[in-house]
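Engineer: Pasting a structure below so you can have a look.
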């Protein structure tokens, strides 16, 4: 059985009623505060859950960007490799074009000093006449005339020998330039294919980065509210601690008034109750008030 504290016949009933009313008020405030704490904790929990969701989405987006970056870098690497070849061919083409251009200038100056006539037309005519001489049957006179014309053409062309050789060299450089140009065109198509694969991946990366920006914006909007609730929760918790101390004090003061005992007497009674508590005996409400009053429980 618990220690029964009997009321003194000389107690101040007004003071006792005042303390009991204050105790009821504090207990009600504590109950309201606990309800408020539960509500704030619930809201805080929802916000933290939302933050975890945002963070998960952000991690997914970052991981997706890493994968897309590898893919984009591979396409860019292949494109750049082809572009390097294109650059080399363009350089060679330019070299051949410059050589041909310089030779053409030399050709023009040499032509000014050469005998008259168009050596290209002479070459064409000579080729036709030689073919005709080899493949046609004709009268002797016509054949002799044909042979004479061939000899005349050869003699005239001998005066254009340097021009002819220079023209061949120019043609050689032009053909080489055209070859490099064809390579440039072919590789440009290949480079474009790599580039066309590269661009969509870059677009996907941009979308993922935009998604991360949106997530960060939502987090930034949520954080102040969460901070506000945390601050509110800290205030409520602090007030609860203060209430617990006030309640403990009022309980003890109320009990002291009720039994008309001194502080020393109450402390002695509390020690006695504590021994019973340690022995496992059942305590009454008055007993618990005493233990709380002297911080024994």
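Engineer: Quick test of your reading of the structure: residue 230 fulfils all but one of (1) within 27 Å of residue 26 (Cβ to Cβ); (2) at pLDDT below 80; (3) in a helix (DSSP H, G or I). Name the failing condition by number.
Structural biologist: Unmet for residue 230, out of (1) within 27 Å of residue 26 (Cβ to Cβ); (2) at pLDDT below 80; (3) in a helix (DSSP H, G or I): (2).
Engineer: Quick check: is even one residue across the stretch 86-106 more than 30 Å from residue 181 (Cα to Cα), modelled with pLDDT under 95 and surrounded by 12 or more Cβ atoms within 10 Å (Cβ to Cβ)?
Structural biologist: Looking only at the stretch 86-106, we keep the residues that are more than 30 Å from residue 181 (Cα to Cα), and these are none.
Looking for residues that are more than 30 Å from residue 181 (Cα to Cα), modelled with pLDDT under 95 and surrounded by 12 or more Cβ atoms within 10 Å (Cβ to Cβ), one finds none in the stretch 86-106, hence no.
Engineer: Okay, next question. Go through (1) more than 30 Å from residue 121 (Cβ to Cβ); (2) crowded, with 16+ Cβ neighbours inside 10 Å; (3) over 26 Å from the mean Cα position of the chain (by Cα) and name the single condition residue 173 misses.
Structural biologist: Going through the list (1) more than 30 Å from residue 121 (Cβ to Cβ); (2) crowded, with 16+ Cβ neighbours inside 10 Å; (3) over 26 Å from the mean Cα position of the chain (by Cα), residue 173 breaks only (1).
Engineer: Also, quick follow-up: Would you check if there is a residue in the stretch 274-289 being farther than 20 Å from residue 31 by Cα, modelled with pLDDT under 75, more than 60 Å from the chain's Cα centre (by Cα) and in a helix (DSSP H, G or I)?
Structural biologist: So in the stretch 274-289, the residues farther than 20 Å from residue 31 by Cα come out as 274-284, 286-287.
Imposing the further condition that a residue be modelled with pLDDT under 75 reduces the set to 283-284, 286-287.
Checking which are more than 60 Å from the chain's Cα centre (by Cα) leaves us with 283-284, 286-287.
Now drop any that are not in a helix (DSSP H, G or I), which leaves 286-287.
Taking every residue of the stretch 274-289 in turn, at least one turns out to be farther than 20 Å from residue 31 by Cα, modelled with pLDDT under 75, more than 60 Å from the chain's Cα centre (by Cα) and in a helix (DSSP H, G or I).
The values are calculated or read from the model by the stated rules, or taken from the named source; none is laboratory data. Model, not experiment: these values are computed from the prediction. No Cβ is skipped: glycine too gets one built from the backbone with ideal geometry, and neighbour counts run over all protein chains shown.
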